[in-house]
Amino acid sequence: MSQLGQPLRAVAARVMQSVENGQSLSQCLPHAMGDVADNERPPLQALCYGTCRWFHRLDGELQARLNKPLRKSNRVVHHLMLVALFQLRFSQQATYAILNETVEACRALDKPHLTGLVNGVLRAAEREGEPPLADEAGRFSHPLWMLEKLRHNWPHDWQAILETNNTQAPMTLRVNALRFSRDDYLQLLSDAGIDAKATLFAPHGIQLTAPVPVDLLPWFSEGAVSVQDEAAQLCTTLMDLAPGQRVLDACAAPGGKTCAILESCGELEEVVAIDESADRLPRVQENLERLDLMATLKQADAADIDQWWDRKPFDRILLDVPCSATGVIRRHPDIKLLRRESDIVPLASIQLGLLESMWQVLAPGGRLVYATCSVFPQENHRIIRRFLKQQDNAALVEPDVLWGRDMETGRQMLPVPESHDGFFYAVLEKPEP
Ligand SMILES: C[S@@+](CC[C@H](N)C(=O)[O-])C[C@H]1O[C@@H](n2cnc3c(N)ncnc32)[C@H](O)[C@@H]1O
């Protein structure tokens, strides 16, 4: 039976359950969108993102309101109540509508015996207001391990990082420099009634005052611009790209940086874009096609160089490694539920392994830019330090830039409200023999 027309909150509760079971919002939301009417898609997205963003705060309150946890088989009703609590605490929607529709969603989830409980919990939540937040995990709405790690790593900044993570990130564009100057595109936006300004550090970046659907952006489908955070755009400013170079983007999907590389230097000899994910690699091709750019795509484990390398060294390598993504929590609040403390050590070992392998395919005189969207030094500064300890033909380049914090081995950007995400960059060169 088609589920189209399912109550919005019932669909949102199922999405939240999938996230709790380890699926990311970008994996499960597109499927869930098929279960609701077209006009309910934006509210479904807002409900799921908002509930993830405030999960730890809402869950603290809900647990305190329940005499005992629901059985595992009824867990979806726990998520349904979280979705409703998110609306009660963070939306302008009328309380009676939230209550009625949540009870209706409980029935649609085939849990009619729990409607009384749902109604009682939400009525009490409405009547009594939000209780004082019991602990820091609730107060900052982050998992405790992440909060403690940030406090340890950033004793002066951890609160600002956590607070910024709970805000909405701005929509930032990268103007395709092969097509338009930034000033010309700003004019096009202004003509279209879209308020925007140039980014501070990224030379082709434009930040919108309010997000808009991409199809309202002038010439979007013709490849005039891409959506990309300012910090991510900065990779090309560190690569020292020049015509004739052979360039490798070693962890490329969905291709944001591959395309930025190709746009920032028109006459590169070749750009090879590798990703090990068969699901994600087609996104690189889609982006290349929209922007009318060309790269050689390979699906491979970049670290296994015998599998894919043709023995022709690369002059430039971008190594945008898989990481905890703790610098982009504003854009992906499900990271708070998905990431585990135990993920970080294995990630660090993958990152160091990738760096060691990529060093083998870098030409003498070549440059490698290491990037993460993490704010943990364990994945950033310490990876580079470990690499430099064991590698004597690697030289650190100190970027001459006005952004980020100097971490000895690279530049760390922390997320900034109404501005860029958290990112780390290090630049290494292989001396000529
Ligand atoms: C941070 S994302 C890359 C984002 C991309 N550079 C961009 O700007 O659009 C990391 C990517 O690395 C890929 N990946 C992870 N391990 C890999 C490996 N061993 N070899 C190649 N790709 C890998 C993941 O599939 C993921 O797409």
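The values are calculated or read from the model by the stated rules, or taken from the named source; none is laboratory data. All figures in this text were calculated on a predicted structure; none of them were measured in a lab. Quick reminder, even Gly has a Cβ in these numbers, built from the backbone with ideal geometry, and neighbours come from all protein chains shown. Protein only, heavy atoms only, side chains kept; ligands, DNA and RNA dropped before computing areas. Shrake-Rupley method; radii C 1.70, N 1.55, O 1.52, S 1.80 Å.
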**Q.** Those residues of region 142-154 which are under 18 Å from residue 404 (Cβ atoms) and part of a loop (DSSP other than H, G, I, E, B), in sequence order
**A.** 154
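Here is a yes/no grid of residues against (1) more than 18 Å from the chain's Cα centre (by Cα); (2) farther than 26 Å from residue 355 by Cβ; (3) surrounded by fewer than 21 Cβ atoms within 10 Å (Cβ to Cβ):
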residue: 219; (1), (2), (3): yes, yes, yes
residue: 223; (1), (2), (3): yes, yes, yes
residue: 226; (1), (2), (3): no, yes, no
residue: 231; (1), (2), (3): no, no, no
residue: 244; (1), (2), (3): yes, no, yes
residue: 247; (1), (2), (3): yes, no, no
residue: 264; (1), (2), (3): yes, no, yes
residue: 292; (1), (2), (3): yes, yes, yes
residue: 296; (1), (2), (3): yes, no, yes
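Of the residues 129, 116, 120, only one is of a type outside the set (D, E, K, R) and on the phi > 0 side of the Ramachandran plot; which?
Result of the check over 129, 116, 120: 129.
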Q) Which of the residues belonging to region 292-326 are more than 8 Å from the ligand (Cβ to nearest atom) and touching a Ser or Thr at 6+ places or on another chain (Cβ under 7 Å)? A) 295, 305, 324, 326
Q) Which residues, counting only those in region 49-77, are of a type outside the set (Lys, Arg) and more than 25 Å from residue 162 (Cα to Cα)? A) 66, 67, 69, 70, 73, 74, 76, 77
Q.
Testing residue 370 on (1) touching a Phe, Trp or Tyr at 6+ places or on another chain (Cβ under 6 Å); (2) closer than 19 Å to residue 236 by Cα, one condition comes back false. Which one is that?
A. (1)
Q: Collect the residues in region 260-280 that are assigned to a helix (DSSP H, G or I) and near the ligand (Cβ under 8 Å from one of its atoms), keeping them in residue-number order.
A: 260
Q: Report yes if some residue within region 74-85 is of a type outside the set (Lys, Arg) and open to solvent by 30 Å² or more (accessible area, probe 1.4 Å); otherwise report no.
A: no
Q | Selection within region 29-48 - within 24 Å of residue 167 (Cβ to Cβ) and surrounded by 19 or more Cβ atoms within 10 Å (Cβ to Cβ) | A | 29, 44, 47, 48
Q | Which numbered condition residue 275 misses (of (1) over 26 Å from residue 203 (Cα atoms); (2) open to solvent by 40 Å² or more (accessible area, probe 1.4 Å)) | A | (2)
Q | Output for region 340-370, where each listed residue is open to solvent by less than 10 Å² (accessible area, probe 1.4 Å) and among the charged types (D, E, K, R) | A | none
Q.
What pairs come out if I take residues in region 202-214 that are not assigned by TED's automatic domain parsing to the domain that holds residue 421 and pair them with residues that are among the small types (Gly, Ala, Ser) and assigned to a loop (DSSP other than H, G, I, E, B) whose C-beta lies under 7 Å away, six or more apart or interchain?
A. 204/177
Q | Unmet requirement for residue 384, which otherwise passes all of (1) under 26 Å from the mean Cα position of the chain (by Cα); (2) open to solvent by 10 Å² or more (accessible area, probe 1.4 Å); (3) more than 16 Å from the ligand (Cβ to nearest atom) | A | (2)
Q: Go through the residues of region 168-186 one by one and say whether even a single one is within 23 Å of residue 340 (Cβ to Cβ), touching a residue at least 60 places away in the same chain (Cβ under 8 Å) and either in a loop (DSSP other than H, G, I, E, B) or open to solvent by 30 Å² or more (accessible area, probe 1.4 Å) (or both).
A: no
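Checking the conditions here, which among 344, 350 is within 10 Å of the ligand (Cβ to nearest atom), aliphatic (A, V, I, L, M), under 22 Å from the mean Cα position of the chain (by Cα) and modelled with pLDDT of 95 or more?
Exactly one residue qualifies, and that residue is 350.
Going by the structure shown, is residue 208 under 26 Å from residue 235 (Cα atoms), within 24 Å of the chain's Cα centre (by Cα) and of a type in the set (A, V, I, L, M, F, W, C)?
When the stated conditions are applied, residue 208 passes them.
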Q.
Can you tell me which condition residue 303 does not meet? The list is (1) under 17 Å from residue 248 (Cβ atoms); (2) over 22 Å from the mean Cα position of the chain (by Cα); (3) not in a loop (DSSP other than H, G, I, E, B), and all the others hold.
A. (3)
